[in-house]
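A.B. asks: If you scroll down you'll find the structure; I have some questions about it.
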Amino acid sequence: MRMMIAALAVVASGFSASVAQAYYVPPFKGNDTGGIISYNLAGQADIKAMAVNHCAAYGKVVKPLAVQPVYGGYISFACIWVPPQPPALRVRY
């Protein structure tokens with residue numbers, strides 16, 4: 001019984017001594033369906049051009065979704081596939 005209490009004390013002290021971790025999130029992150037841009041970049045870079053270039057790499061166009069205009073907020077966008085359109089019919093008279 002004493003060994004069990006000692007083992008629990010060691011485990012509990014190990015958990016209490018460990019450092020809390022906050023994982024790093026890059027200011028621009030995305031994939032073929034869309035992405036997020038940190039709101040802090042809004043005043044420093046052309047975020048629309050960043051989103052357009054990102055979606056163009058997948059052959060898609062940008063659709064802005066949401067903006068959180070607060071510290072730590074994000075600007076989200078979707079990459080949408082636009083189906084090809086047939087050429088416009090020209091009628092000559």
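The values are calculated or read from the model by the stated rules, or taken from the named source; none is laboratory data. What you are looking at is a predicted structure, and each value in this text was computed from that prediction instead of being measured. All Cβ positions, even for glycine, are placed from backbone atoms using ideal geometry, and neighbour counts span all protein chains on display.
A.B. asks: I need a count of the residues in region 42-69 that are touching a Phe, Trp or Tyr at 6+ places or on another chain (Cβ under 7 Å) and under 21 Å from Tyr24 (Cβ atoms).
C.D. replies: 2
A.B. asks: Could you tell me whether region 33-45 includes any residue that is touching a residue at least 24 places away in the same chain (Cβ under 8 Å) and touching a Ser or Thr at 6+ places or on another chain (Cβ under 6 Å)?
C.D. replies: Scanning region 33-45, I find at least one residue that is touching a residue at least 24 places away in the same chain (Cβ under 8 Å) and touching a Ser or Thr at 6+ places or on another chain (Cβ under 6 Å), so the answer is yes.
A.B. asks: Please find, within region 24-37, the residue that is farthest from Cys79 (Cα to Cα) out of those that are of a type outside the set (Val, Ile, Thr) and in contact with a Gly (Cβ under 8 Å, 6 or more places away or on another chain).
C.D. replies: Here the answer is Phe28.
A.B. asks: If we scan region 63-81, do we find a residue that is modelled with pLDDT under 90 and in contact with a helix residue (DSSP H, G or I) (Cβ under 8 Å, 6 or more places away or on another chain)?
C.D. replies: yes
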